[in-house]
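First up is the structure itself, then whatever we jot down about it.
The values are calculated or read from the model by the stated rules, or taken from the named source; none is laboratory data. Values in this document were obtained by computation on a predicted structure and should not be read as measured data. Note that each Cβ is placed from the backbone with ideal geometry, even for glycine, and that neighbours are counted across all protein chains shown.
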Amino acid sequence: MPEVASVFGKVGRAETPTDPAPLSMVETIVQLKPPAEWPRSRRPRWYSAWAPGFLRAWLAPAWPEEQPESWDDLIARMNARLQQPGWTNAFTMPIRTRIDMLSTGVRTPIGVKIFGSDLAAIEAVGSKLESILRGVPGTRSVLYERSLGGTYLDVIPDRDAMARYGLQVEDIGAVVEGAIGGEPVTVTVDGRRRFTVNVRYKTDFRSSPEKLRDVRVPLRGESANAVPLGEVAEVRVAPGPPMLRDEAGMLVGYVYIDTDPARDLGGYVDEARAAVESARRRGDLPAAAGTYLKWTGQYELLEETRARMHLLVPLALVVVALLLYAQFKNVVEVAIVLLSIPFALVGSVWLLYALDYRMSTAVWVGIIALVGLAAQTGVVMIVYIDNAFTRRVREGRMNSLEDIIEAHTEGTVRRVRPKVMTVATMLIGLLPLLWSTGSGADVMKRIAAPMVGGLVSSAFLTLELIPVVYTYWRYAQLRRAHRTGRSLAHVCGIAVGPDDEK
């Protein structure tokens with residue numbers, strides 16, 4: 001485990017209105033040493049960064065120690081050692097925490113918002129959700145931020161008693177504000193520093209409700225006379241909410257859920273929803289009228305992204321198909337070119353598995369980009385094969401399956417160098433992203449990984465399979481030409497002279 005370079009902490013809320021952190025939030029920021037200062041590992045770098053689980057287990061006897069630890073291992077050890085009574089841990093990046101809080105309102109990957117019109121009902125639901133969600137596999141911590149539990153000192157004016165003394169509400173308010181709360185009267189200057197001078201009673205005269213009842217309230221027009229505050233107002237300690245939250249015109253309570261990195265957000269929420277619904281059917285979860293739940297956090301962003309991807313992925317395929325049809329003017333050729341896309345996805349899936357990357361928005365962006373790259377490499381292959389086939393048809397040398405295979409072999413062989421150059425150029429630009437460690441590297445790695453894996457698999461599968469499929473299609477056209485008595489050029493739509501029609 002790398003030694004920490006420094007640890008910072010913040011308790012409570014900052015004095016700026018732009019800080020969305022609540023009063024109960026305690027932040028501890030751990031800054032690790034740079035990678036250059038980490039202990040050297042006896043294991044090769046490719047083992048720690050690339051080896052899948054089964055290969056790690058097989059090679060473990062050769063390299064029994066692994067330094068440095070992965071992010072997930074480090075968080076697991078910190079979470080195990082930092083368990084304190086009354087505290088709940090949630091591990092994330094500082095900037096990411098603020099972005100999540102501003103965009104969704106919660107500071108953990110998953111949260112539940114409890115909407116209602118009664119704080120007591122929200123409190124009952126939130127407290128019960130804690131115990132229900134704690135039993136869902138993959139839950140690292142769960143916390144309901146209490147809507148009740150605050151303590152307030154209420155000063156309630158007695159208007160009948162005030163009328164007997166000729167007092168008004170503002171007279172009592174002035175005493176509470178100035179004598180008890182403190183009122184700034186002036187500013188003192190010390191060099192470049194300025195200090196506000198507040199005046200109020202000493203602690204001995206305001207340390208308990210009994211002593212506050214003895215605070216003197218001056219009577220109007222009688223500067224020498226005063227009446228105790230307890231005779232003209234009720235002073236009592238009352239419970240109340242530490243902080244009120246409202247959203248969509250209703251009161252709301254938050255349940256924060258921190259999940260284990262091994263669990264995907266979508267699968268966890270599906271299982272958690274099932275557990276909550278099961279508790280509701282059993283009657284273990286109170287359901288007051290007008291109270292409902294909303295799942296939020298990064299899961300909410302995931303759902304929005306999933307809805308967009310349901311539109312963007314088919315749209316990308318349609319656009320690629322339209323561009324290919326504009327090039328070839330033939331549906332079959334378009335379908336053959338699109339065959340390179342599933343071939344490319346094979347390499348993407350295997351590389352994502354080897355790197356232990358889960359499906360995310362960045363991965364989907366890389367897959368969409370891979371669709372264009374796979375189509376591009378397939379187009380060049382078809383163009384070279386078409387050129388060789390068309391030239392031999394015009395020369396009248398296309399009479400059997402062997403002639404088609406010879407023509408396609410010529411086009412495929414001529415395609416090897418451009419294919420390798422195309423793939424190598426793209427890989428040279430994408431591979432450095434897989435070793436990047438700076439800001440945004442996590443996102444860029446997940447964008448580049450599907451493209452790198454897809455290019456490697458499509459480079460081999462396109463050279464092997466597309467020529468075979470294309471050969472069978474051309475052979476079917478040749479058989480149709482022999483069966484109908486028409487020329488092969490006419491069946492294939494190839495013009496061999498100025499007077500020929502496609």
Next item on the list: Could you figure out which of (1) acidic (Asp, Glu); (2) closer than 15 Å to TYR256 by Cβ; (3) loosely packed, with under 12 Cβ neighbours inside 10 Å isn't true of GLU145?
Entry: (3)
Margin query: Taking the conditions exactly as written (among the aliphatic types (A, V, I, L, M), surrounded by 15 or more Cβ atoms within 10 Å (Cβ to Cβ) and either modelled with pLDDT under 85 or out of contact with any Gly (no Cβ under 7 Å at 6 or more places or on another chain) (or both)), does ALA163 satisfy them or not?
Written below: no
Margin query: Can you tell me which residue is farthest from VAL217 (Cα to Cα) among those in segment 167-200 that are in contact with a Pro (Cβ under 6 Å, 6 or more places away or on another chain) and either among the hydrophobic types (A, V, I, L, M, F, W, C) or without any contact (Cβ under 8 Å) to a residue 12 or more places away in the chain (or both)?
Written below: VAL169
Notebook entry, point to check: Would you call LEU431 surrounded by 15 or more Cβ atoms within 10 Å (Cβ to Cβ), hydrophobic (A, V, I, L, M, F, W, C) and not assigned by TED's automatic domain parsing to the domain that holds ILE95?
Noted result: no
Check: Would you call LEU427 in contact with a Phe, Trp or Tyr (Cβ under 8 Å, 6 or more places away or on another chain) and over 18 Å from TYR357 (Cα atoms)?
Finding: no
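For segment 49-149, which helices (runs of 4 or more DSSP H) that fit wholly inside it have 1 or more residues that are at pLDDT 85 or above, in contact with a Ser or Thr (Cβ under 7 Å, 6 or more places away or on another chain) and closer than 27 Å to GLU27 by Cα? Explain how you work it out, then say what you get.
Working: elements: 53-59, 71-81, 94-103, 119-134.
Those helices (runs of 4 or more DSSP H) span 119-134.
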Next item on the list: Tally the residues that are within 18 Å of GLY253 (Cα to Cα), within 14 Å of the chain's Cα centre (by Cα) and among the β-branched types (Val, Ile, Thr), restricting the search to segment 86-107.
Entry: 2
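Look through segment 253-271, keep the residues that are over 16 Å from ARG140 (Cβ atoms) and at pLDDT 85 or above, and return whichever of them is surrounded by the most Cβ atoms within 10 Å (Cβ to Cβ).
Restricting attention to segment 253-271, the residues satisfying the condition of being over 16 Å from ARG140 (Cβ atoms) are 253-254, 266, 270.
With the extra rule that they be at pLDDT 85 or above, the set shrinks to 253-254, 270.
Working: GLY253: 25, TYR254: 23, ASP270: 10.
Taking the candidates together, the pick is GLY253.
Being in contact (Cβ under 8 Å) with a residue 40 or more places away in the chain and under 28 Å from THR97 (Cα atoms) narrows it down to one of VAL276, VAL320, VAL313, VAL332, so name that one. Walk me through how you get there before you give the answer.
Numbers: VAL320 fails: under 28 Å from THR97 (Cα atoms); VAL313 fails: under 28 Å from THR97 (Cα atoms); VAL332 fails: under 28 Å from THR97 (Cα atoms).
The conditions single out VAL276.
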Margin query: Just the residues that are surrounded by 16 or more Cβ atoms within 10 Å (Cβ to Cβ) and not hydrophobic (A, V, I, L, M, F, W, C), please, taken from segment 292-304.
Written below: THR296, GLY297, GLN298, TYR299, GLU300
Note to self: Looking at segment 251-270, can you tell me whether even one residue there is of a type outside the set (Phe, Trp, Tyr), more than 30 Å from ALA76 (Cα to Cα), touching a residue at least 40 places away in the same chain (Cβ under 8 Å) and assigned by TED's automatic domain parsing to the domain that holds PRO137?
What the structure shows: yes
Check: Can you tell me which of ALA354, ALA335 is of a type in the set (Gly, Ala, Ser) and either in the same structural domain as ILE99 (by TED's automatic domain parsing) or closer than 30 Å to ALA262 by Cα (or both)?
Finding: ALA354
Next item on the list: Could you identify the single residue in ALA279, ALA289, ALA274 that is assigned by TED's automatic domain parsing to the domain that holds LEU143, exposed (fewer than 13 other Cβ atoms within 10 Å of the Cβ), small (Gly, Ala, Ser) and in a helix (DSSP H, G or I)?
Entry: ALA274
Next item on the list: Residue by residue through segment 318-341, note down the ones that are under 30 Å from LEU301 (Cα atoms), surrounded by fewer than 19 Cβ atoms within 10 Å (Cβ to Cβ) and at pLDDT below 85.
Entry: none
Note to self: What's the total number of residues in segment 342-386 that are buried (at least 17 other Cβ atoms within 10 Å of the Cβ) and not in a helix (DSSP H, G or I)?
What the structure shows: 2
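Do we have any residue at all in segment 175-189 that's in a loop (DSSP other than H, G, I, E, B), farther than 30 Å from ARG358 by Cβ and in contact with a Lys or Arg (Cβ under 6 Å, 6 or more places away or on another chain)?
Applying the first criterion (in a loop (DSSP other than H, G, I, E, B)) to segment 175-189 yields 182.
In the following step, the residues that additionally are farther than 30 Å from ARG358 by Cβ were identified as 182.
From the residues that got through so far, the ones that are in contact with a Lys or Arg (Cβ under 6 Å, 6 or more places away or on another chain) too are 182.
Within segment 175-189, one or more residues are in a loop (DSSP other than H, G, I, E, B), farther than 30 Å from ARG358 by Cβ and in contact with a Lys or Arg (Cβ under 6 Å, 6 or more places away or on another chain).
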